[in-house]
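Notes follow the structure.
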Amino acid sequence: MLYLITSNLNKFKEATLVLDEFGLTLQHLPIKKMEIQADDLQEISEHAAKVILEQYDKEILVEDAGLFIDTLNGFPGPYSSYVYRTVGCEGILDLLKDETKRIASFKAVLSYGRPEKGIISFLGETKGQIVKSIRGSGGFGFDPIFIPNGSDKTFAEMSISQKNQFSHRMRALKRFAEWYIQHTP
Ligand code: ITT
């Protein structure tokens, strides 16, 4: 049985739908992962996976994700959760007020760990644009200000299954599922 460790129910809902397509069932452990301060999502995700593996004798998945804005040199990136909690979507829109270049990407690093075995990580990335004002009420975090390339809707204007056609999370999960199916007897 696979457990996703996350305090974010939206992450779990999105992941369940993706893994279901591969015939994989996901359980939720609703706890906040331990997050070290680092500039690299993979380092944060793998460290959290290691700590969780020491506590739980289970097959586990954790994910660290963030929004990387090109003209802000990748800010807020690995600090997305803190920036969201402090200044939110409005704070990002303020920073980009007079900016015409609004390219950004969402990235997710999903780390899978199994007792007695190592940890392996899968990256998912989605490029897009930051809109000029908040749009939509679905999803979570920075969803109302991000339009993925290939769509004219923000993530917050999409259903979960629509977001899953574009999202960084879906890409990381698909990579994991393909690997997992090949490597699990
Ligand atoms: P867990 O650590 O418990 O899994 P979290 O929501 O705090 O939940 P992260 O530490 O990975 O997750 O923080 C990522 C932050 O980046 C999150 O708080 C959002 O603000 C933002 N983010 C990541 N993925 C997102 C997505 O799909 N849509 C909108 N915002 C996202």
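Determine the dipole magnitude for the stretch 1-150: charges of +1 sit on the beta-carbon of Lys and Arg, -1 on that of Asp and Glu, nothing else is charged, the reference point is the Cα centre, and the result goes in debye to the nearest 20. With Lys and Arg at +1 and Asp and Glu at -1, about 320 debye. A Stokes-Einstein calculation at 25 °C with viscosity 0.890 mPa s, built on the Kirkwood radius of the chain over Cα pairs, returns a diffusion coefficient of 147 µm²/s. Checking every one of the trypsin sites (Lys or Arg not before Pro) in the stretch 78-180 against DSSP loop status and a limit of 14 other Cβ atoms within 10 Å picks out 97, 101, 117, 132. Among 10, 28, 134, whose Cα projects farthest towards the positive end of the dipole of the chain, with charges put on the beta-carbon of Lys, Arg (+1) and Asp, Glu (-1)? The residue sitting farthest along the positive end of the dipole is 134.
For residue 3, nonlocal amide neighbours, meaning residues 5 or more places apart or on other chains whose placed amide H falls under 5 Å from its own, are 27, 59, 60, 61.
Taking the stretch 108-185, which chymotrypsin sites (Phe, Trp or Tyr not before Pro) meet the DSSP loop condition and have no more than 15 other C-beta atoms within 10 Å? Filter output for the stretch 108-185: 140. Our compactness index for the stretch 1-43, the C-alpha radius of gyration over the empirical 2.2 N^0.38 Å, is 1.32.
Restricting the count to DSSP beta bridges whose residues both fall in the chain, what percent are antiparallel, rounded to a multiple of 5? Restricted to the chain, the bridges split so that about 80 percent are antiparallel. Sparse packing (at most 16 other Cβ atoms within 10 Å of the Cβ) combined with a DSSP loop state is found for the following chymotrypsin sites (Phe, Trp or Tyr not before Pro) in the stretch 1-81: 22, 56. Over the chain, Cα pairs under 8 Å with separation of 6+ residues give a relative contact order of 20 percent. Computed from the alpha carbon atoms alone, the convex hull of the stretch 1-109 holds 108 Å³ per residue.
Would you mind telling me the share, in percent, of accessible area of the chain contributed by carbon and sulfur at probe 1.4 angstrom? That fraction is 49 percent. Per residue, the accessible area of the chain comes to 51 Å² when a 1.4 Å probe rolls over the protein heavy atoms. Here the stretch 37-80 is assigned +1 on the Cβ of each Lys and Arg and -1 on the Cβ of each Asp and Glu. Its dipole about the Cα centre then comes out at about 100 debye.
The values are calculated or read from the model by the stated rules, or taken from the named source; none is laboratory data. Remember, predicted model here, so these are calculated numbers, not experimental data. When we count neighbours, we look across all protein chains shown, and the Cβ atoms used for this are built from the backbone with ideal geometry, even at glycine. SASA here: full protein model, heavy atoms, side chains in, ligands and nucleic acids out. Shrake-Rupley method; radii C 1.70, N 1.55, O 1.52, S 1.80 Å.
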